[in-house]
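One structure is given here, and the rest of the page talks about it.
No value in this document is a laboratory result; all are computed from the given coordinates. From a predicted model like this one, the values you see are computed outputs, not experimental measurements. So basically every Cβ, Gly included, is an ideal-geometry build from the backbone, and we count neighbours across all protein chains shown.
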Amino acid sequence: MAQRRFASLDELITIARHESASQMDYYIGVEHLLLALMRVEGGVAAHIFARQDASSSYVQFITQTQTSGSPDTAGYLGIPTPRAAKVIARAQSHIAKGMQPDERALLYAIVQERHSLVVKRVVENLGISSEQLLADIRGWDAEGAADFNLPPPEVFNNDPRYELLPDDLVIIEQIFRTCTRVVIERVLSSEGNSYSGARVLLVRAYEAGGREQAPSVVKLHDRRNVLWEKMRYNDYVRDKLPANTSHIMVDVLPENSLIGGLKYSFVQGSLDAQSTSLKDFALSQPPHVVARLLREKLYDAFKHTWWEQRTPYAFTAWQEYELLLPPALELEAALDETSRSGARKITPLSETLREEGALRYGELVVLTNFTVLKAKPERGNTVQFVAGGNAEAMNLASRVDVKNFDLAAHPTLHRGIMLERVLGNVTRTRDDILQEQVLALAPDFDFTRDPLPRHNALPERLPNPLRNYRWLLEQRLSGSFCSMHGDLHVGNVLVGRNGEAWLIDFEWTRDGHTLFDWVTLEMSLLLELVVPELPNSWEAAWAVIAVLDQLNRACYTEPHVASAALINPDLPFAKALIPIAEVRRIASGLLQRGNWAEYFTPLALMALRTLGWKERPLMARRLAYLVAALAIESSRAAQTVYLQSPASEGDRTDTH
């Protein structure tokens with residue numbers, strides 16, 4: 001390492017110029033200089049940031065999110081901004097005074113520029129001070145870089161359900177690079193349990209001499225998701241939640257790999273080989289024990305900094321929940337730019353995307369100023385576009401999927417980048433997608449009718465979700481706003497020693513509607529605990545709906561009644577509903593005005609999301625469809641009851 005050739009300052013400026021051009025920026029900024037340093041494989045910057053347990057890819061990701069290039073930027077100049085010129089001059093001064101190599105001098109000069117937004121963002125996300133980072137750069141030496149070339153640890157897999165893939169092995173070796181032996185005790189994300197496709201592993205690691213480290217959890221996922229989760233964790237979790245939140249200690253993103261890894265650590269080593277997911281815990285414990293854990297170990301442990309740290313929030317349902325539905329449109333990318341003049345212009349958050357029949361098959365449209373969410377080369381070069389790049393739910397609305405997108409023409413395409421123009425022909429609307437999803441359920445009734453055909457399990461007919469989801473999206477809700485997990489399903493809650501609950505997976509953590517987490521958890525409990533108890537038939541699904549109807553009515557008509565007492569213990573799935581009754585009890589304390597429409601409206605939309613999960617059993621999707629229908633009816637009934645109550649005085653002129 002001591003004899004390796006480092007990049008010169010002139011070479012780094014040249015790389016920065018290339019970075020600027022590829023981002024379609026007309027200038028060289030501080031962010032481009034930092035990106036240039038990160039592009040040097042095994043360079044000074046890579047080693048410095050590795051000491052902070054941050055991968056080069058992660059720092060690049062933070063840096064790239066500060067750029068705002070446009071493919072239509074004209075007149076590329078490639079000259080440094082005044083701030084970048086100041087950094088370059090400072091680096092030249094450091095070099096003249098003997099600081100070597102040039103990479104080190106430039107990095108030192110960049111970090112000294114504390115008022116640079118990109119420097120603030122990088123330092124903030126690393127969780128250190130500028131002074132500490134400067135001290136690390138001053139103390140760097142080329143010999144120290146050799147410390148990173150340690151022999152890989154031996155890795156053993158004790159879970160026969162899990163196949164250790166070559167890319168998985170590389171990531172695990174890098175995460176535990178200072179250890180001599182690593183044991184994968186068990187897989188915590190059972191089949192179909194991790195909605196995002198991530199793999200979650202409980203791992204024990206041993207240092208030289210056999211000394212055991214505290215147990216940890218490793219998450220393996222798409223590299224972009226890993227980058228995004230680390231950033232969300234730093235923004236919403238690291239300094240805000242109690243000790244029984246898992247902490248992301250290391251991120252690893254190997255070059256030329258489609259996946260990356262995160263290491264979650266837990267204080268006091270509270271996890272052991274018997275630790276499990278909430279799903280497996282619930283399947284092995286009495287339902288009252290599960291209900292008590294939800295209340296005492298999950299809600300009570302996190303409420304003070306999350307769900308009870310809330311403010312009033314009036315919103316339209318689509319602003320928080322449209323992200324749960326299929327894309328508003330699917331387009332086939334159009335390559336003929338000459339036909340653009342006849343295309344209909346669509347902007348983010350446009351009402352056109354929610355209007356019935358507003359767009360037709362084959363129509364040419366141009367998306368204007370949409371933001372990239374994901375690029376999926378493995379799915380026909382599909383790119384998912386949304387309203388914006390920030391964490392708030394509204395930024396994930398207006399989703400449009402564009403197939404056969406020319407990825408080669410956009411080599412720097414990444415999450416958060418905005419494109420001024422995307423041309424395509426309509427192939428499917430949201431109505432088309434939802435209808436196909438319901439057809440796949442093989443309904444034994446006419447699913448085109450509204451309301452649905454009467455069933456003897458219920459006293460009245462239910463509304464058809466396909467004909468009423470727009471009504472849901474347009475509901476005005478008076479709720480509250482807080483920091484939340486954003487994906488609170490049974491695979492993201494771990495149960496460790498002494499029944500303590502731990503949270504992992506912060507990819508969707510954000511500020512938003514307080515009840516979002518609880519409708520998410522209710523649907524997860526239904527799918528994981530109730531569905532396995534049911535035969536695969538529509539009649540079985542209706543039987544569950546009949547009991548849920550009683551629970552729903554008790555919520556808004558007789559809230560003082562213990563809802564769990566309404567469940568007939570003779571039903572085969574009765575015990576599985578008791579934890580759901582506890583979720584309702586928790587939610588009752590979070591309603592802003594005691595109006596259960598605030599809960600049932602998002603529950604219906606959360607249930608509709610499940611229709612698109614093809615990996616889920618048919619029975620799970622059938623039940624979710626009927627849950628959506630019942631929740632729509634319950635939302636309307638709850639609103640009526642609320643408007644007739646003294647608590648609604650002043651709200652009775654509102655339309656719901």
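Here are a few things to note about the model shown:
- Protection proxy ranking, peptides 420-427, 484-491, average beta carbon neighbours within 10 Å, highest first: 484-491, 420-427
- Candidate cross-link partners of LYS403 among the lysines, defined by an alpha-carbon separation under 17 Å and a same-chain spacing of 8 or more, comprise LYS374, LYS376.
- Reachable lysines, given that their alpha-carbon falls under 22 Å from the alpha-carbon of LYS263 and they are not under 8 places away in the same chain: LYS219, LYS230, LYS240, LYS279
- The length gained by stretching the chain between GLN644 and ASP141 to full extension, at 0.36 nm per residue less their Cα-Cα distance, is 173.7 nm.
- Protection proxy ranking of 626-635, 128-137, 109-118 - average other beta-carbon atoms within 10 Å, highest first: 626-635, 109-118, 128-137
- Neighbour-count ranking [beta-carbon atoms within 10 angstrom, fewest first] of GLU41, GLU507: GLU41, GLU507
- Gain in span if fully extended, LYS86 to ASP444, counting 0.36 nm per residue against the direct Cα distance: 121.7 nm
- Theoretical FRET efficiency, 1/(1+(r/R0)^6), r = Cβ-Cβ of GLU615 and LYS120, R0 35 Å, to 0.05: 0.25
- Full extension of the chain between SER537 and ARG593 yields a length gain of 16.3 nm, computed as 0.36 nm times the residue separation minus the alpha carbon distance.
- The chain: angle of helix 574-588 to the longest principal axis, Cα-based, in degrees nearest 10: 70
- The simple spin-label model puts a point 7 Å past each Cα toward its Cβ; for TYR162 and GLU420 those points are separated by 4.8 nm.
- Each 20 Å bin, from zero up to the one with the longest distance, holds this percent of the alpha carbon pairs of the chain: 17, 47, 30, 5, 0.
- Amide hydrogen proximity for LYS376: with H placed 1.01 Å from N in the peptide plane, the residues at 5 or more positions away or on another chain lying under 5 Å are THR382, VAL383, GLN384.
- Against the chain, whose longest principal axis is taken from its Cα atoms, helix 430-439 shows a tilt of about 60°.
- Between the range 305-381 and the range 529-560, the Cα center-to-center distance that results, in Å: 34
- Sequence of HIS288, HIS247, HIS221 once ranked by neighbouring C-beta atoms within 10 Å, starting from the fewest: HIS288, HIS247, HIS221
- In degrees, nearest ten, helix 9-22 long axis to first principal axis of the chain (Cα): 30
- Highest-first arrangement of 168-176, 49-57, where packing means the average Cβ count within 10 Å: 168-176, 49-57
- By the compact-protein rule of thumb, 2.2 N^0.38 Å, the alpha-carbon radius of gyration of the range 321-431 corresponds to a ratio of 0.97.
- Each residue of the range 516-533 was assigned a 3J(HN,Hα) from its phi angle through the Karplus curve 6.51 cos²θ - 1.76 cosθ + 1.60 (θ = phi - 60°); the sequence is 4, 4, 7, 6, 4, 5, 4, 5, 5, 5, 4, 6, 8, 9, 7, 4, x, 8 Hz, with glycine and proline shown as x.
- Rh by Kirkwood over Cα pairs, then Stokes-Einstein D for the range 388-463 at 0.692 mPa s and 37 °C, µm²/s: 196
- Ellipticity estimate at 222 nm from DSSP helix runs (n ≥ 4, -39,500 (n - 2.57)) divided over the chain, nearest 500: -11000 deg cm²/dmol
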